[in-house]
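Below is one structure, written out as structure tokens, with a few remarks after it.
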Amino acid sequence: MTATLAQALPSDHVRIATDVHTEPFWQAARERRLVAPRCGSCGHFRLPPTPFCPECQSQEVDWVELSGRATVFSFSVVRGLPGLDDLVLVAVVVDLPDAPGARLVSNVIDVDPGEVRIGMDLEVAFHPISDGWLLPVFRPAGGTG
Ligand SMILES: [Zn+2]
């Protein structure tokens, strides 16, 4: 039996809405860069982006470019969605070693869902979505397991 590799959602199924707090994240992704907002006052990473730092209430933000490395914090495998019976998705929450405390909700692609493990090393990839944006997704790091 050949495993079906996990995919990302078809491009036209993903729409994003940006606002002043999230736009830098999406603009960077469009340039194939993964960035995270770090509090300009206390240095706490706040991803998902929030208007105020949960630690110190500051509104100051520095956008820090990350290496794109990540590890699986938690995941779930989704097989088939309405109208997309053959789709296999691995929904994942990742830890970002370059941004302690920050977590990102995404997908793992190009992987046998049965091989995904907590703590697995991943690297970022960019998947086209609606309106010309790119969605940061992840694939197994290095290709060597
Ligand atoms: Zn802060």
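Of the candidates GLY68, GLY101, the single residue that is out of contact with any helix residue (DSSP H, G or I) (no Cβ under 7 Å at 6 or more places or on another chain), of a type in the set (Gly, Ala, Ser), surrounded by fewer than 20 Cβ atoms within 10 Å (Cβ to Cβ) and modelled with pLDDT under 95 is GLY101. Is at least one residue of region 16-28 free of Cβ contacts under 8 Å to residues at least 60 places away in the same chain, within 23 Å of GLY132 (Cα to Cα), within 16 Å of the ligand (Cβ to nearest atom) and in a loop (DSSP other than H, G, I, E, B)? Yes. Note on region 36-116: enclosed strands (runs of 3 or more DSSP E) holding 3 or more residues that are within 16 Å of the ligand (Cβ to nearest atom) are 61-65. Out of region 23-39, which residues are surrounded by 15 or more Cβ atoms within 10 Å (Cβ to Cβ) and either more than 15 Å from the chain's Cα centre (by Cα) or under 16 Å from PHE126 (Cβ atoms) (or both)? Across region 23-39, the qualifying residues are PRO24, PHE25, TRP26, ALA28, ALA29, ARG33, LEU34, VAL35, ALA36, ARG38, CYS39. Against the conditions (1) exposed (fewer than 14 other Cβ atoms within 10 Å of the Cβ); (2) charged (D, E, K, R); (3) within 30 Å of THR4 (Cα to Cα); (4) touching a residue at least 12 places away in the same chain (Cβ under 8 Å), ASP85 satisfies every one except (4).
From the list VAL14, VAL35, VAL20, the one residue that fits, being in contact with a helix residue (DSSP H, G or I) (Cβ under 7 Å, 6 or more places away or on another chain), over 18 Å from LEU96 (Cβ atoms) and not basic (Lys, Arg), is VAL14.
The values are calculated or read from the model by the stated rules, or taken from the named source; none is laboratory data. All values reported here derive from a predicted model rather than from experimental measurement. Cβ atoms come from the backbone with ideal geometry, glycine included; neighbour counts cover every protein chain shown.
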